[in-house]
Structures are given as C-alpha cells and as structure tokens.
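Trainee: Mind having a look at this structure? Questions to follow.
The values are calculated or read from the model by the stated rules, or taken from the named source; none is laboratory data. No experiment lies behind these values; they were computed from the predicted model shown. With ideal geometry, Cβ positions are generated from the backbone for all residues, glycine too; neighbour counts draw on all protein chains shown.
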Amino acid sequence: MTSAGPALAETYYLDGKPISQNYYQAAKLLNESVPLLQSNRNQEALEKLTTASQLAPEIPEVHNNMGLVLAKLGRNAEALQELEKAKAMKPDLAATWVTLGGLYQSQGRIQDAIATYSEFLKRFPSHSEANKIQSLVNGLKREVNSGFIRKVDPNATDYLGELGNSVKRWPPEKMPIKIYFKSGHGVPAFKPIYQQILEESVATWEQASQGAISFQRVDSPQKADIVCSWTNDPSTFSNRAEAGETILYANQKGVVKGTVTILTVPLMVELPVTEARLRQICLHEIGHALGFGGHTSNPDDVMFYSLQVSDQIKNLSARDINSLRQLYK
C-alpha cells in the first residue's frame, strides 16, 4: 500500500493571467447569466449574479448585469446602485452607460438620461449602438424643446393640459373608427400572440372610454380609418429608438386617418419582446392613434415618453382613462 501525496492546487487563468478560484467561478456564473437575461429568465439570472457578486465583487460586468436584471424586475433603486458601481469600477464599459440612461429615462429623469446618453456618445462614438442612441437623444431633446414633455401638475387628474396642442380627436361622425389589422405573417420575429395583444390593447382603450369611442374591424386597408401593421426594421421609423410609430392625418374637423406600426424585434438584445413589454408598446401606440400626440412625464401613464425597463404588465392609469373621457366627452 502506498500513501497519496498532497493534491496539486488547481490554477485558473483568464486571458493568460492567473486568477483565483472565486474569480473563475464568478466569471463562469456571469457568462451563464447572459443567455438568461436575453431570454428573460430574470430570476434565474439574478440568482447566478448574486452568487457571482459574493464570490468576486471586483468584477464590474457582474454589477452591470446585476443592475440590468434588477431594473427588469422593477427594483430600480438597487439597479441604480449596481450600475453606479459598475461605472465607477470600469468607466469604459459601454453597456453600463446605455442601461443607466435607459433606467433614468424610464423613471422620468429626462435630463439625467440625456446627459448619460450624451456621455456614452462622447466615449464610444463608433459603437454599434451609437446611431440608435443619437436618435434617442435627438428625440428626447426635441420633445423637451417642443414642450411635449412638461412638468407634471400633481393635482391634475388628466394630462390634456400637459400635452397641449399635440392633442387631436376623432370627430363623432367617424364613429365607429374602422380599423384594419394587417397580418404579421412573414415579418421576422412576429408571433401570432402579438396580434392578439394588439387587438386586446384596442379593446382596452375602447372599454375605458365607456362608449365615447368605438371600433369596427374591417377586412381591407382601403376600408379602414386606422391601418395597423408590423415591421422588424426600426430604421423605417422617424425615430430609430422607438418600438412603434403612429402617424395621424387630420383636417379642420379632427383626425381622419392613421397608421400604427409595431416593431417585432427588441431595441436592445437584453430587453426581449415579451408579452408584457409588447402590451406596453401597443397600448401606447393606440393612445397616439386616439389623438394623444405628445407624451406625459409621469411613469405611471401608458402615454409616458419612455418604454419601461421593467418587464411587468402595465395597464391604463387613472390619468390615461380620465384624459380619454375628457377628450371624447
């Protein structure tokens, strides 16, 4: 019988440099979190990232991904802390600036969002997302300068005053509004459930109006007042940073025609098109189609100027409903 000698310690390397076992395990968990984030398995991603953060808190990418997943779960204060850690540890981590700007935007902190996105463009002018972020900055500045985003009156039960002259309405003689839903068959990334969500969003606004507005589905675009369609190409929109676009045509009596186009692909790979997120987009665009031409600065409203980072079901706010009834009373 022979006795065994002492076990040899394992040595771990990253990019040719020796690292600790904890660092290796944390990096492994970090890599495993990425496909979970992209497939919206957020709780699973959070569990891996929490362990990674405990093993190796010095990895900035762990804090970046932690910030993103916490934001998607609606835990915004914690998300900001993690993103600020990542930014302080590694200022040249481009993803942190994008996520941080998006979180500021979704909270209504528009000037912070513009400043963060602008810093991203300054630091990473040749980044693959630079054109999209520039479009987003331009859109936010345009809305601020045009007055579309105004200070919220805490006592206002609707936002018609906040939207000002951007508000239009369909005249009574156009009721019911004839709407055509173009099939998304053949559009990349389209799923049949998307059509159902869009139709449910139309019904949600109609029911909220208590009979003030009504829709009638028609079988061709030629018979329609509103034509709804799908695209996978955000470059066809006037603002490439938007997930949908609504165009209205009006005369002296009011709105006479409109188009609604919804994007089937995510604007960011980390924010996939889930049913909850698509519902936000559809409710928002149908609100535009009903005449709310601008945006509000209250994150509770469907007509808020930014899509939420959190992947949670969103319904019409009391202000959305009151504004609709006031507009069409």
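Trainee: Residues in region 274-321 that are assigned to a loop (DSSP other than H, G, I, E, B) and without any contact (Cβ under 8 Å) to a residue 60 or more places away in the chain: how many?
Mentor: 5
Trainee: Taking region 197-215 only, how many residues are loosely packed, with under 13 Cβ neighbours inside 10 Å and touching an Asp or Glu at 6+ places or on another chain (Cβ under 9 Å)?
Mentor: Within region 197-215, residues that are loosely packed, with under 13 Cβ neighbours inside 10 Å and touching an Asp or Glu at 6+ places or on another chain (Cβ under 9 Å) number 1.
Trainee: Which residue pairs have Cβ atoms closer than 6 Å, lie 6 or more positions apart in sequence or on different chains, and pair a first residue in region 20-48 that is within 27 Å of ALA276 (Cβ to Cβ) and in the same structural domain as GLY67 (by TED's automatic domain parsing) with a second residue that is at pLDDT below 90 and surrounded by fewer than 15 Cβ atoms within 10 Å (Cβ to Cβ)?
Mentor: So the pair list comes out as GLN38/VAL269.
Trainee: Being surrounded by fewer than 19 Cβ atoms within 10 Å (Cβ to Cβ) and under 20 Å from HIS288 (Cα atoms) is the filter here; which residues of region 169-194 pass it?
Mentor: Result: ARG169, PRO171, PRO172, GLU173, LYS174, MET175, PRO176, LYS178, TYR180, LYS182.
Trainee: Among the helices (runs of 4 or more DSSP H) lying completely within region 42-147, list those that include at least 3 residues that are of a type in the set (Ser, Thr, Tyr) and surrounded by fewer than 23 Cβ atoms within 10 Å (Cβ to Cβ).
Mentor: 42-55
Trainee: Please go through region 33-44 and give me each residue that is over 20 Å from LYS90 (Cβ atoms) and touching a helix residue (DSSP H, G or I) at 6+ places or on another chain (Cβ under 7 Å), ordered by number.
Mentor: LEU36, ASN42, GLU44
Trainee: Out of the strands (runs of 3 or more DSSP E) lying entirely within region 157-263, which hold 3 or more residues that are in contact (Cβ under 8 Å) with a residue 40 or more places away in the chain and more than 23 Å from the chain's Cα centre (by Cα)?
Mentor: Answer list for region 157-263: 177-181, 254-263.
Trainee: Additional query: Take the residues in region 313-324 that are surrounded by fewer than 24 Cβ atoms within 10 Å (Cβ to Cβ) and in contact with a helix residue (DSSP H, G or I) (Cβ under 6 Å, 6 or more places away or on another chain), then tell me which one is nearest to SER166 (Cα to Cα).
Mentor: Initial filter on region 313-324 (surrounded by fewer than 24 Cβ atoms within 10 Å (Cβ to Cβ)): 313-319, 321-322.
Now narrow it down to the ones that are in contact with a helix residue (DSSP H, G or I) (Cβ under 6 Å, 6 or more places away or on another chain): 313-314, 316, 321.
Working: ILE313: 27, LYS314: 24, LEU316: 20, ILE321: 18 Å.
Across region 313-324, the extreme among qualifying residues is ILE321.
Trainee: The conditions are (1) β-branched (Val, Ile, Thr); (2) under 13 Å from the mean Cα position of the chain (by Cα); (3) modelled with pLDDT of 95 or more, and VAL273 fails exactly one of them. Which is it?
Mentor: Evaluating VAL273 over (1) β-branched (Val, Ile, Thr); (2) under 13 Å from the mean Cα position of the chain (by Cα); (3) modelled with pLDDT of 95 or more leaves (3) as the failure.
Trainee: Can you spot a residue in region 283-296 that is hydroxyl-bearing (Ser, Thr, Tyr) and either within 30 Å of GLU61 (Cβ to Cβ) or out of contact with any strand residue (DSSP E or B) (no Cβ under 6 Å at 6 or more places or on another chain) (or both)?
Mentor: no
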